[in-house]
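Okay, structure first, notes after.
Readers should treat all values here as calculations from the given coordinates under stated rules, not as data from a laboratory. Quick caveat: nothing in here was measured; it's all calculated off a predicted structure. Please note: Cβ atoms are built from the backbone with ideal geometry, for glycine as well, and neighbour counts cover all protein chains shown.
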Protein chains: 2
Amino acid sequence: MKKNASQSAYLHAYESIRDKVLNGEIAGGTKLVEEKLAKDLGVSRTPIREAIRKLEQEDLIQDKRVVLPTEKDLREIFQVRILLEGFAARASATYMSEEAIEELQKCVDIGRNGTTEEIMKANKAFHEIILDTNNNKVMIKIMDRMQSIIYLFRKTVVYHKRPHLIDEHEQICNAIRNRNPEEAEELMKKHLEADLAFFLHFMGQD
Amino acid sequence: MKKNASQSAYLHAYESIRDKVLNGEIAGGTKLVEEKLAKDLGVSRTPIREAIRKLEQEDLIQDKRVVLPTEKDLREIFQVRILLEGFAARASATYMSEEAIEELQKCVDIGRNGTTEEIMKANKAFHEIILDTNNNKVMIKIMDRMQSIIYLFRKTVVYHKRPHLIDEHEQICNAIRNRNPEEAEELMKKHLEADLAFFLHFMGQD
DNA sequence: TCAATATTTTTTGTATACAATTTATATAAT
DNA sequence: ATTATATAAATTGTATACAAAAAATATTGA
């Protein structure tokens, strides 16, 4: 009866649906029908429902439809990101360990020499290291929930090779290494504002 | 078959369980057993499960147990609150309408003359008016999710009649009326820090 | 033709059954 | 008595059935 899958049907469904949304296999605006998804994944509706609820919490789905984030949505997410990550950058200048700073530097290096796939990962890690330094589970959870939508966004930015992105990371890294909280926060805010502006630029074109 | 309740079983279950947790009817640390809750509320396990999932998202439940927030949890929540509400207070000084400022003043007045129940509501409204002024759905949702735990906290503060609480609200209201963003933000941060300190004081005693 | 209403179909919400898992309890061996 | 192992009980995860609600389609009257 139970599939030989190593994980629960619910988790499998959650990840599967999320991935399909993130890589565009399920287009924005699509209505998700429980029975159809259940059939596709070879499970019953029960785990599908739970997966959908979770995705709704992450705002990737809104009443059974895959979201199509508007410009306003993005601005709102970034307003929050700027507050939280700006704060985290400031704290990092005071609290980050030398080892973590090395990790951060590695992310910058990969940003210069890695493959697109590697760069994606490194950019995510860069922001995560800074956030984790502040050691606030609530904050981490909030950022985690926004991650899916941010992922959609980050893909575009890296794919289109935004100018100065890695330079900005390096500047932030240096400000942290030099233990300059004000500068670290300011640079992080500028960095995120530039990210947002760049993305909105591409949104307008499609 | 269907109860004559005006709302869905799921919503009824959600609200019912949440309220029982908030008013202490279900003590912190209690393991929630689906079947028991289902029997109590006269529904099946299905809507109970959904309700529990939602409450888990709000951090009121963590793997089937009612949370017992630690001091660290509270500090973390307030670190976020201070960032978001501080920002909202600053924005309010610039954008809040005269009518909304009147509403804010009313909350202060009720804080001075109302019943405990009325004061609770007015204090909640005070913070909501400021947050709503910034008109950021993402922020509102984040605060909403923390609301349950904040409620547990606010009850204590009002019940014990924290000194200066309403004075601080009035100061914030005045800073907004005087269109002074810096001061509004600073006062809000101080206000929330005082709230936190007061609550931690009582936590230590029990 | 078009709007209004009825009818059918699809989809969701809820209850229930049962298997899988976890947790508690009892039994045996040292 | 204490640990190890077996057994039983409780609890959760999943599948399925069916009723309620929502959405789509057809039908009627102007």
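In region A:60-206, with Lys and Arg counted as +1 and Asp and Glu as -1 at Cβ, which of these residues, A:Leu196, A:Ser92, A:His169, has the Cα nearest the positive end of the dipole, that is, farthest along it?
Of the candidates, A:Leu196 comes out farthest on the positive side.
Quick one: with label points 7 Å out along Cα→Cβ, list the inter-copy distances for A:Glu118 in nm, shortest first?
6.8
Residues in region A:68-89 near a label at A:Asn135, defined as backbone nitrogen under 16 Å from the 7 Å Cα→Cβ point?
A:88-89
Find every distance from the label point of B:Gln62 to the corresponding label point in the other copies (7 Å from Cα along Cα→Cβ) and write them in nm, one decimal, shortest first.
Once sorted, the set of distances for B:Gln62 reads 3.1 nm.
Once you charge only the Cβ atoms, +1 for Lys and Arg and -1 for Asp and Glu, what is the size of the charge dipole of the protein assembly as shown about its Cα centre, to the nearest 20 debye?
1800
Which value does Rg/Rh take for region B:9-66 over its C-alpha atoms, Rh per Kirkwood?
Using only Cα positions, Rg/Rh for region B:9-66 is 0.91.
For label points placed 7 Å from Cα toward Cβ, what is the shortest-first list of nm distances from A:Ala197 to its copies?
In nanometres, ordered from closest: 4.0.
Suppose each label sits 7 Å from its Cα in the direction of the beta carbon; what would the A:Glu71-A:Thr30 distance come out to in nanometres?
Once both label points are built, they end up 2.7 nm from each other.
Would you please give the FRET efficiency between B:Glu193 and A:Lys161, computed as 1/(1 + (r/R0)^6) with r the Cβ-Cβ distance and R0 = 35 Å, to the nearest 0.05?
0.20
For chain A, state the average projected area of the convex hull of the C-alpha atoms over all orientations, rounded to one decimal in nm².
Working: hull surface 50.2 nm².
The directionally averaged projection comes out at 12.6 nm².
Cα-based Rg of region B:126-193 per 2.2 N^0.38 Å, rounded to two decimals?
1.18
Please give every one of the aspartates and glutamates within straight-line cross-link reach of B:Lys106, meaning a C-alpha to C-alpha distance under 18 Å, and leave out same-chain neighbours fewer than 8 residues apart.
List returned: B:Glu98, B:Glu117, B:Glu118, B:Glu128, B:Asp132, B:Asp167, B:Glu168, B:Glu170.
Starting from the Cα of A:Lys137, draw a straight line to each of the lysines and keep only those under 18 Å, dropping any in the same chain fewer than 8 residues away.
Reachable lysines: A:Lys124, B:Lys72, B:Lys141.
Explain nothing, just the number: dipole magnitude of region A:9-66 about its Cα centre with +1 on each Lys and Arg Cβ and -1 on each Asp and Glu Cβ, in debye rounded to the nearest 20.
Charge dipole, region A:9-66, about its Cα centre: 200 debye, nearest 20.
What number in nm² do you get for the protein assembly as shown if you take the convex hull of its Cα atoms and divide its surface by four?
So the Cα hull casts an average projection of 23.9 nm².
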